[in-house]
1. Does the range 67-78 include one or more residues that are surrounded by 13 or more Cβ atoms within 10 Å (Cβ to Cβ), touching a strand residue (DSSP E or B) at 6+ places or on another chain (Cβ under 8 Å), of a type in the set (Asp, Glu) and in a loop (DSSP other than H, G, I, E, B)?
2. Give Ile124, Ile174 a once-over and let me know the one that is closer than 25 Å to Glu36 by Cα, touching a residue at least 60 places away in the same chain (Cβ under 8 Å) and in a strand (DSSP E or B).
3. So, in the range 103-121, of the ones that are of a type outside the set (Phe, Trp, Tyr) and assigned to a strand (DSSP E or B), which residue ends up nearest to Tyr150 (Cα to Cα)?
4. Tally the residues that are β-branched (Val, Ile, Thr), under 28 Å from Glu214 (Cβ atoms), in a strand (DSSP E or B) and at pLDDT 90 or above, restricting the search to the range 12-51.
5. Just to be sure I understand the filter: pairs with C-beta atoms under 6 Å, separated by 6 or more residues or on different chains, first member in the range 241-255 and touching a residue at least 12 places away in the same chain (Cβ under 8 Å), second member among the aromatic types (Phe, Trp, Tyr). Which pairs pass?
6. Do we find that Ile107 is of a type outside the set (D, E, K, R) and within 17 Å of Gly34 (Cα to Cα) in this structure?
7. Looking for something in a loop (DSSP other than H, G, I, E, B), among the hydroxyl-bearing types (Ser, Thr, Tyr) and buried (at least 19 other Cβ atoms within 10 Å of the Cβ) - is there at least one such residue anywhere in the range 181-197?
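The values are calculated or read from the model by the stated rules, or taken from the named source; none is laboratory data. Just so it is clear, the structure is predicted and the values come from calculations on it, not from any experiment. Neighbour counts run over all protein chains shown; Cβ positions are idealised from the backbone, glycine included.
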Amino acid sequence: MDHGTSTITAKATNGVSSSIKINVYSPVTDIVLGTENIVLQVDETFKIVASVVPNDANNKKILYKSENEDIAKVDAEGNVTAIAEGDTNIIVSSDEGNISKNVKVKIIRKLQEGEIIFDESLNINGNEITGLENKYNTADKMLNKINTNYTVEIYNTEGDKLNGTDLVGTGSIIKILDNNNLIMEYNVIMYGDVNGDGKINSIDLLVLQRHILEIQKFSGVYIKAGNVRKNNKNPSSVDCLLIQRHILGLQNIEQ
């Protein structure tokens, strides 16, 4: 039975009847995060994308709390502000109080202008990178789009280092290093690539359908990659349709 109000009426053979109203409540069963770890420079801000499951839950309100406000603060809308260098967690919980998840936050020093310069085709939001091409995003291509005196290394979701013609996709991590010391780390998001292989094809369509049907759910940057409409919501059948149209060559996904 869907949530809402329903009236049940019992009627006897003599014509006497009685009715009762029943309120059906749909509780929150999970919180889906579009971000599981954040790396920010001091004074930077970043919005945590989160949504509740199921979509028809009665109370969709989400609460945010920082474990250490001296390092990072968060407002009621999930906007995180970096205060000082250090590590902390943002606690994301349902208003009902039955579901709670953590987003890891690392705050680094504010980088100087010119320390890391990205190609204008790329979009940088906190430690997330979007704006990739729809295909053939090789490691060499990506490395050529980053200008810095530091060492730049790219890894896939399994932690394998990517080189040459290896494809960069959703979940790939770009590390900026100085003598093996981490300066900055970026998460790659390629809209439509929900399995992280750097391609947009029927496999992604199947993976997204399984997520929507709650057969095999994913989270983190894959949520954002599946949200092709970029409306900060959990992916839906509309996003599946857009990926399908892209595969058929009818409408390219905008990165």
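1. Yes, because at least one residue in the range 67-78 is surrounded by 13 or more Cβ atoms within 10 Å (Cβ to Cβ), touching a strand residue (DSSP E or B) at 6+ places or on another chain (Cβ under 8 Å), of a type in the set (Asp, Glu) and in a loop (DSSP other than H, G, I, E, B).
2. Step by step, each of Ile124, Ile174 is checked, and only Ile124 is closer than 25 Å to Glu36 by Cα, touching a residue at least 60 places away in the same chain (Cβ under 8 Å) and in a strand (DSSP E or B).
3. Step one: of the range 103-121, the residues of a type outside the set (Phe, Trp, Tyr) are 103-117, 119-121.
Okay, now just the ones that are also assigned to a strand (DSSP E or B), so 103-108, 116-117.
Values: Val103: 28, Lys104: 25, Val105: 23, Lys106: 20, Ile107: 19, Ile108: 16, Ile116: 8, Ile117: 11 Å.
Selected residue: Ile116.
4. 3
5. Ile253/Tyr191; Gln255/Tyr191
6. No; evaluated as a whole, the condition is false for this residue.
7. Looking through the range 181-197, at least one residue is in a loop (DSSP other than H, G, I, E, B), among the hydroxyl-bearing types (Ser, Thr, Tyr) and buried (at least 19 other Cβ atoms within 10 Å of the Cβ).
Rundown of residues vs (1) of a type in the set (A, V, I, L, M); (2) modelled with pLDDT under 95, yes/no style:
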{"site": "Ala72", "(1), (2)": "yes, no"}
{"site": "Thr88", "(1), (2)": "no, no"}
{"site": "Glu96", "(1), (2)": "no, yes"}
{"site": "Leu111", "(1), (2)": "yes, yes"}
